[in-house]
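I have placed the structure first, in the form of structure tokens, so that the comments after it can refer back to it.
The values are calculated or read from the model by the stated rules, or taken from the named source; none is laboratory data. Only a predicted model underlies this, so the values are computations on that prediction, with no experimental measurement involved. For neighbour counting, all protein chains shown are included, and Cβ atoms are generated from backbone atoms with ideal geometry for every residue, glycine included.
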Number of protein chains: 2
Amino acid sequence: MSWEKEIRQLFAEGHEKFLRNISVDCIIFGFHENELKVLLLQAKYAGSWALPGGFILKDEHMDDAAKRILQERTGVDDVYMQQFYVFSEPDRSNKKINKLFLKNAGIELEESWLFERFITVGYSALVDFSKVLPVPDNISSDCKWFNIHDIPGMILDHRNILDKALENLRMQLNYHPVGYNLLPEKFTMPELQKLYETILDRKLDRRNFQRKIMSTGILKRLDETKKGVAHKAPYYYKFDLRKYQKALKGGMGFEL
Amino acid sequence: MSWEKEIRQLFAEGHEKFLRNISVDCIIFGFHENELKVLLLQAKYAGSWALPGGFILKDEHMDDAAKRILQERTGVDDVYMQQFYVFSEPDRSNKKINKLFLKNAGIELEESWLFERFITVGYSALVDFSKVLPVPDNISSDCKWFNIHDIPGMILDHRNILDKALENLRMQLNYHPVGYNLLPEKFTMPELQKLYETILDRKLDRRNFQRKIMSTGILKRLDETKKGVAHKAPYYYKFDLRKYQKALKGGMGFEL
DNA sequence: TATCATTGCGTCATATTAACGCAATGATAA
DNA sequence: TTATCATTGCGTTAATATGACGCAATGATA
């Protein structure tokens, strides 16, 4: 099917396939070069960036929809995702954006379910940066990682959604497998500490951090050390998944 | 407008007034006689009980919808409410229940937006039991408080929603004005402790509890003591709202 | 071979928590 | 009138957690 035909069909008949008035938006967090990142899409014909979002099939669980949307729109597969908040301001509507999009695509339509008001459910995803190759979809011209401190202009209330996701990530740091999902399988203690510092947005004492993390027993130190650093080489660690799962149930047992 | 006509109109034309495929369900918590309670409705012609729920007007914020629904369906007004989770199982549909309801009400309809699938957003409300006089609405035959440990059979996944709300309440105990909203203006320390014990579902040491609560400075002790008890009379306390708000921002500063 | 940033492990003073003691209170029963 | 008793308010103590910092070891680079 041609691209224009696909778009026209989505606008004209999508309501037969998807639930109405509800969308899902995904915030994909990654960690790279000691910085927290989010994956954003740029819609065709639009200067602003957007969260990867989409709709729920009429017979689909919302969690599955979020995973499918993420896969279809960015190529990212099989990740840890969780709903975190519903955004329901009455004036959050894609009407103008979608009309402009159609106009630029050379499609004319008077009515569409996509001109209606949408309530959106925010999903937060944590991915291993090194395993993700962002691929923009049909309706996007670009798909890129952005540093959390260097977010470009975004459509609608997407900036607000992003901020809420970050706040949520902070709150849940001690109760969810944040480190496990954001870091590669093996990592050094300074890397893990930097991740915590970035999310919490404050410095932590190196020695106390190590002591507390190790006291939970969720990490296993490997015999291997990092190579090629111009100072004492740090050990690699990896998560002891069994103990991690267990520890998470009652919080981490410490405050950072 | 007659009752039947109102119902018929809701089923036949409600989709012009409300958003589709989305509903809101409220869990109203109260505290009475040292027990945690929830307010439930019994739909006409149905044996099972249900959470007070409803729909979002096309131009209404979801938070406002939740408040309006609670007011319309139970008479409860002006309370502390918060969304806590979205329930989206594909098979959670009122189709059967609504068809039965129509049949019993003597109304015939082949098609209705209310036969479609609904995703529902759970809202948690905390109310002062003593200030609430439950009033069932048009479509409900009864409206009653139930002890949290003695919940009757409920429609659809409402039991699941209730359990999730309780779990959520537990998690947020140290970060939200739970005590402030669930207790009357003045209360004794044993009452407050019992509230915490009921929500957390475990015993707390009386003396340590008092010391920790008081150390936060969120309570003001009154000069008045409780009358008519066959032992040493406990003092009354009330919340120091200014300090309470402040303390909540960084958690309560202690673990219970 | 010296330098230097960084790491791993340790110390110590202070704060927080859990567990428990005890006198005071005031309605009820003797 | 007085003793009884469950309960309250306030306090003590030991164990544990936390925050702030010291110092020798490491290993690429100068």
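Looking at region B:6-24, which of its residues are within 13 Å of chain A (Cβ to nearest Cβ) and of a type in the set (Asp, Glu)?
Result: B:16, single match.
List every residue pair whose Cβ atoms sit under 6 Å apart, with the two residues 6 or more apart in sequence or on different chains, where the first one lies in region B:228-256 and is within 14 Å of chain A (Cβ to nearest Cβ) and the second, anywhere, is within 12 Å of DNA strand C (Cβ to nearest atom) and modelled with pLDDT of 70 or more.
B:251/B:174; B:252/B:174; B:252/B:216; B:253/B:216; B:254/B:212
Mind checking which residues of region A:218-233 are more than 12 Å from DNA strand D (Cβ to nearest atom) and either under 19 Å from residue A:178 (Cβ atoms) or in a loop (DSSP other than H, G, I, E, B) (or both)?
Going through region A:218-233, the residues more than 12 Å from DNA strand D (Cβ to nearest atom) turn out to be A:218-222.
If the condition is that a residue be more than 12 Å from DNA strand D (Cβ to nearest atom) and either under 19 Å from residue A:178 (Cβ atoms) or in a loop (DSSP other than H, G, I, E, B) (or both), then A:218, A:219, A:220 are the ones that fit.
Just to check your reading of the model, which residue among B:185, B:167, B:197 is of a type in the set (D, E, K, R) and within 30 Å of residue B:92 (Cα to Cα)? Step through it out loud before you land on a result.
On the way: B:185 fails: within 30 Å of residue B:92 (Cα to Cα); B:197 fails: within 30 Å of residue B:92 (Cα to Cα).
Every option except B:167 fails the conditions.
State whether the residues of region A:15-24 include one that is more than 23 Å from the chain's Cα centre (by Cα), outside the structural domain of residue A:201 (by TED's automatic domain parsing) and not in a helix (DSSP H, G or I). Talk me through it step by step, then tell me what you get.
Just the residues of region A:15-24 that are more than 23 Å from the chain's Cα centre (by Cα), to begin with: A:15-17, A:20.
Going one step further and asking which of them are outside the structural domain of residue A:201 (by TED's automatic domain parsing), we end up with A:15-17, A:20.
So of that shortlist, the ones also not in a helix (DSSP H, G or I) come out as A:17, A:20.
Yes.
Taking region B:92-121, which residues are surrounded by fewer than 16 Cβ atoms within 10 Å (Cβ to Cβ), within 14 Å of chain A (Cβ to nearest Cβ) and touching a residue at least 24 places away in the same chain (Cβ under 8 Å)?
B:93
Going by the structure shown, is residue A:127 touching a strand residue (DSSP E or B) at 6+ places or on another chain (Cβ under 6 Å), within 14 Å of chain B (Cβ to nearest Cβ) and not polar (S, T, N, Q)? If you could, list the steps in order and put the result at the bottom.
Working: touching a strand residue (DSSP E or B) at 6+ places or on another chain (Cβ under 6 Å): yes; within 14 Å of chain B (Cβ to nearest Cβ): no; not polar (S, T, N, Q): yes.
No: the conditions fail for residue A:127.
Considering only region A:140-156, state which residues are assigned to a loop (DSSP other than H, G, I, E, B) and surrounded by 17 or more Cβ atoms within 10 Å (Cβ to Cβ). If you could, list the steps in order and put the result at the bottom.
Taking region A:140-156 as the starting set, the residues that turn out to be assigned to a loop (DSSP other than H, G, I, E, B) are A:148-153, A:155-156.
Scanning region A:140-156 gives A:148, A:155, A:156.
Counting only residues that are in a loop (DSSP other than H, G, I, E, B) and closer than 17 Å to residue B:158 by Cβ, which one in region B:46-89 is nearest to the other protein chains (Cβ to nearest Cβ)?
In this case the residue turns out to be B:88.
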